[in-house]
Structure formats: C-alpha cells, structure tokens
Amino acid sequence: MTSQLPNTQGALSTPLPKKSRVRLVPSQNLLPETGVEVHAPAGLEPVVPPPPPKPTGPLPVVTLFKATRYLKRGIDTIVLKWECFEADDVQINGSIHGLKLKGEKEIPTDEEISTYTLEVTNQHGTRKVSAQVKMAPPVIRHFKSSDEVIQIGYPIILEWEIENATFYELDQGIGEITGLTYLELFPQKPGTVNLTAKNETGEVTLPLELKLPMPEIQSFYPSSDTIMVGTPITLYWTATNASEVKILPEVELDPEEHHVDVWPDRTTTYTIIVSNDSGEVQEEVTVKLPPPKINHFGGEALSYEGAPVRIEWEVENAHTITVDHEIGEVDAYDHIIYKPKDAYTIFTLRAEGYSGVVEETFQVTRFPIPLDHTLLPPISKLITEPMKVRDKHVPPGMADLDQLEKDLTHDARDQYRKLRIKRAQELKLTYDMLDLEKASVKDEFRRMWGKVKAKFSKK
C-alpha cells in the first residue's frame, strides 16, 4: 500500500514575504508526524544548537588566609593560616597539597617569596586568594633582673625574651642590644630601665624598676680614741649602697679607699655621711684630746753669779706653752739658757690645751761665788751615738732642743725622755735641799755653805 504524502508542493511554491528567511536545522525533522527529513534550501546557514548547560552550584568560600612572619629565639619562619568551605581540594602556591579546610602551617622563611596564594576547588569551580607576607608585631615575653634590689657598685644581670623584633635596645645610655638575651649592668642609681623591641610593623616597650635600698654604714671607727697632738689618727669605714661618702669636719677622701688620716689638735667629733638616691644615713665617732700634761720641767737648780743655767721641759696635748720671766711662748719640747738675776728665781711653765690648763714651777738658786760641782748630784749624760732620722715620726712644731734630739728616731727619743725624767728625779734631791722653809734643810745648807766657803778661802 502506497502512502500518500501531503501536497507540499503548493506550500513550497507559495511566494515568501520579502526579506524573510527560513533557517532549517540539518537532520531536524520539521514534520515529525510524517517522518520526513526536511533540508534547508540552498543558500541558507544551518543553526547550531548551544551545548547543554552544565550543572550549577556554589564555588568554594575562603574566609581566612594570611601569611605571618615570626622571629622566635633566632628562628625565622612564616606561618600560613587559612579557613574555607565547600572545597574538595586545598593547596597553597601549587606546591603545598592535601590541606584541610581549616588549619595553619609553619614553613621556613623564603626571602624571595613575598606573596602566597591559596587555591580551593570543588565541582563547580576554583577560587584563588592571595596574601602578602607580614611581620608579626614585636613581643617581649619577659624582662627581669637577677636581683630584686640593686647595690651600688655591684653587678646585676638583666635578661629578656623577645619575639618578632629586628631591633631592640635599652635606655639609660646602654643602647642597642639586638641579638642578646642578657646583659651585666653596674647600676649607679635606682630608677626605671626600658626595653624597646621594634620591627617594620611597630614597636613595644616594657619597663623594669630597679630598686635601691637605703645606704648602710657597716662600720666607722678611729685607729685611736685618744689624740696625741702631731700624730695622725686614721678613720676607717665600710658602707654599702653608697653613691657618695663624705666626712665632717670636711676631709678630702679618695673614692677608691675606705680610710683617711686626720690630724686633730683638740677633741673632735667626726661624722660620716653616706648617701644615694634613696636617702642618706650618718654616724659619728669622737676622738678626745687628754688634758695637757707636763712630763718634765727642770734643769740646773744651782748656779753661781754670772753663770747661766739650762732649763728644759717636755709637754703633751697643749696648744700654748709659756714660761714666765719674759721668756714667753715656747714649743712643747725645748730648753733655754738663762742667767738668774736673783738669789732665788722661780720659773713657772704654763701649758694650755683644749681640755684644760696645767702649771709647774722650777726654782733656781744663785750663789755669789762658784760652787764645787762635786757637791751637786750627778747628772746623767745624754746619748750621743749617731742615729737615723725618720721625719714622719717627728711631730710638727717640736722645738729644736738640740741637734741630737733632731736626729733621734722615735724609739731613741723615748729613751732620751726617760733619761731626762731620771735627771729630773735626781735634781729633785736638790730641790729638797733648797727647801729653806724647813729647819733641818736650813741647817744642812749652812753646813754645806761653810764647807764651800772654807774650801775657797784656802785658795
């Protein structure tokens, strides 16, 4: 049976409107009910259908990505930190794979890389996010001193821990300490030391308070509590936490020494004052000058008319020594040669010190004719052996008793003084003989005088 086709000739022969075009798709059945494949007339362009649309959905989401550089204890690293969602694959810079959706990773610092890129992918596409490397802010983990309080002149250790800083320094004139973790310091005063850490992102400062206790005088004492005029006394002291030490009455001190010599000539109180920035403390010591003392005052008690006598003395702890009969002021160790004018001459030695006044007398008797010196008590001879001089043992102001006494050493001078005291004791016998107030002495004197007169009368 032959199927009848619809009459399409008429339809195709019908004139088309002007400027009308018919676009036929090759192999596309315009009349599906007939199963006839219709082809585009010659001269017409075929229409290519668009590809089927892909499934659509959300791309991965990145909520955090940063690259931070850290410097910790000399180790330079970069920490990459990220967070994302809806991603099937996470990688950084195409070389770091297999990352989780959220995490961080520490890698060595590469100075050639300044930017890192996070790439996240799912079935719907890929998202890329870049982060520039930034230095973390500087951090001072701790800053402390080895001692809670400082002591002037003693060292302390300052130590610290700093992160992420390319430069750090201490004030108080110390300066840059980059790379160090501790420093020995000799503090001279209390106060605040500031540690500052810096990098290109900023700086941070942490203060440390250095506390200084009050100064302390541990000891202050003299080498002797008793003054001998012309002989030095040494003051000794020890003190801690002292920025300055001074002694009143004002004495010049050597800052490297802890003692000083003083030459007091009277009872004196010395005050040591020790100070620092926290305050000052003081302490006193007193050295005392004993009352003046006349160790010896005497000489040749008997003389004849026209003959001079030698009178000598030795005095301690006196600032002014005088002898009457117009002799006037003399030194502590001295003598005079004197011609008595009267039959009896009493000399008075007056010694004035800062601790009192003492006097002593000595009588010289003058005879009208020369005496037989064999009748007088013997007088000890002075030491005449040559001796070396030690100037530092000669007190200032000692009179030139004679050339021998100038040349005496300290020990020899003591021996010389003992001899003079012995001589005075011998002469005391003469004083007793000349005590004309006593009847027995008068009789003895008359007897002696008669013997002397008789002897010279025979000549």
Between residue 174 and residue 124, the FRET efficiency computed from the C-beta separation at R0 = 51 Å comes out, to the nearest 0.05, as 0.25
Quick one: Cα centre-to-centre distance for segment 71-121 and segment 320-365, in angstrom? 110 Å
Within segment 62-78, backbone nitrogen closer than 20 Å to the virtual label 7 Å beyond the Cα of residue 157 toward Cβ: 73-74
Can you give the direction-averaged projected area of the convex hull of the alpha-carbon atoms in segment 95-135, in nm²? 3.7 nm²
Mark the label point 7 Å from the Cα of residue 228 along Cα→Cβ and return the residues of segment 324-357 whose backbone N is within less than 15 Å of it. 333
Mind listing which GluC sites (Glu not before Pro) in segment 282-366 are in a DSSP loop and have 10 or fewer other Cβ atoms within 10 Å? 326
Roll a 1.4 Å probe over the protein heavy atoms and report the accessible area of residue 69 in Å², nearest 10. 50 Å²
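In segment 126-235, what GluC sites (Glu not before Pro) fall in a loop by DSSP, with at most 12 other Cβ atoms inside 10 Å?
148, 200
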Projected-area average for segment 104-219 over all orientations - Cα convex hull basis, square nanometres: 10.1 nm²
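Within a Cβ distance under 10 Å of residue 233, other residues only, what is the Lys/Arg minus Asp/Glu net charge?
-2
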Cβ under 9 Å from residue 61's Cβ, residue 61 left aside: what net charge do those residues give with Lys, Arg +1 and Asp, Glu -1? 0
Debye sum, Cα scatterers, segment 158-253, no solvent: what log₁₀ I/I(0) at q = 0.21 1/Å? -1.07
Expressed in nm to one decimal, what extension gain is obtained for the pair residue 148 and residue 188 from 0.36 nm per residue of sequence separation less their Cα-Cα distance? 12.9 nm
Can you pull the one-decimal nm distance between simple spin-label points at residue 63 and residue 331, each 7 Å off the Cα toward Cβ? 10.6 nm
Under a point spin-label approximation (7 Å from Cα along Cα-to-Cβ), what is the residue 357-residue 307 distance to one decimal in nm? 3.6 nm
Between residue 85 and residue 107, what is 0.36 nm times their sequence separation minus the Cα-Cα distance? Round to one decimal in nm. 5.6 nm
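In a shell of Cβ-Cβ distance under 14 Å around residue 102, excluding residue 102 itself, what net charge do Lys and Arg (+1) and Asp and Glu (-1) give?
My count for the surroundings of residue 102 gives +1.
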Over segment 97-151, what is the relative contact order in percent, taking alpha-carbon pairs closer than 8 angstrom and at least six residues apart? 22 percent
Grab the Cα-Cα distance for residue 114 and residue 324, subtract it from 0.36 nm times how many residues apart they are, and report the gain in nm with one decimal. 64.8 nm
Based on the alpha carbons, how large is the Rg to Rh ratio for segment 233-325 when Rh follows Kirkwood? 1.31
Along principal axes, largest first, the alpha-carbon spread of segment 223-265 in whole Å comes out as 35, 17, 15
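The values are calculated or read from the model by the stated rules, or taken from the named source; none is laboratory data. Note that the coordinates shown come from a computational prediction; the quantities given were computed from them, not determined experimentally. Cβ: placed from backbone, ideal geometry, glycine included. Neighbour counts: every protein chain shown. Side chains are part of the model used for accessible areas, which takes the heavy atoms of the whole protein and leaves out ligands, DNA and RNA. Shrake-Rupley method; radii C 1.70, N 1.55, O 1.52, S 1.80 Å.
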